[in-house]
Amino acid sequence: MTKKKTAKKKTTKKKNPVGAPTLYKPEYCDLLIQHMAKGFSFESFGAEVNCGGTTVANWLKHSEFRAAKQKAQVLNRKFWEDLGIKGTRGEIKGFNVASWVFNMKNRFHWRNEVVVKDERKVESVTIELPSAKKAETITLNDGDWRDNSK
């Protein structure tokens with residue numbers, strides 16, 4: 001008994017692209033700008049286009065999407081600052097200042113801390129208060145202070 005040798009067919013495999021095809025569409029640039037101009041975050045844009053946050057973040061490799069995000073961030077900040085201005089003027093009934101400040105601290109990295117880069121000794125500070133229409137001077141002496149306006 002002898003085995004017949006069979007010729008193997010030579011097949012060429014097509015290379016499969018790595019990963020799934022992108023869900024990115026150029027029209028998402030305008031949608032992102034509109035979304036963030038209403039006060040929504042970049043991170044929540046995925047819900048607008050039915051995608052996950054990682055997917056949306058990966059779209060930043062597209063230069064036009066990166067540019068749209070930059071424009072959208074400016075409009076987003078303007079939305080929140082406009083809201084704060086209207087709220088502090090009393091134009092928004094029930095405006096919650098504490099909530100707005102908390103949002104601004106988290107969204108735009110506002111801080112309460114004062115960073116002193118110049119360590120020269122300060123002996124007095126003059127503060128002009130517009131509502132009082134006069135200047136008040138506080139003298140500092142080794143951690144103690146004295147109000148000189150009285």
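Quick check: the distance between the Cα centres of the range 80-96 and the range 22-75, to the nearest angstrom?
Cα centres, the range 80-96 to the range 22-75: 27 Å.
Counting Lys and Arg as +1 and Asp and Glu as -1, what is the net charge of the other residues whose Cβ lies under 9 Å from the Cβ of residue 60?
So the surrounding residues net to +3.
Please work out the FRET efficiency for the pair residue 25 and residue 74, using the Cβ-Cβ distance as r and a Förster radius of 22 Å; give the result to the nearest 0.05.
Approximately 0.45, to the nearest 0.05.
What Kirkwood hydrodynamic radius do you get for the range 28-108 when you take the inverse of the mean 1/r over all pairs of distinct Cα atoms, in Å?
Hydrodynamic radius (Kirkwood, Cα only) of the range 28-108 equals 13.5 Å.
Using r as the Cβ-Cβ distance of residue 50 and residue 89, and R0 as 35 Å, what FRET efficiency do you calculate, to the nearest 0.05? Show your work: numbers first, answer last.
Values: r = 38 Å, r/R0 = 1.09.
Once the sixth-power term is evaluated, E becomes 0.35.
Coordinate-derived values only; no laboratory data. Quantities reported herein were computed from a predicted structural model and do not represent experimental measurements. Here the Cβ is made from the backbone with ideal geometry for all residues, glycine too, and neighbour counts use every protein chain on show.
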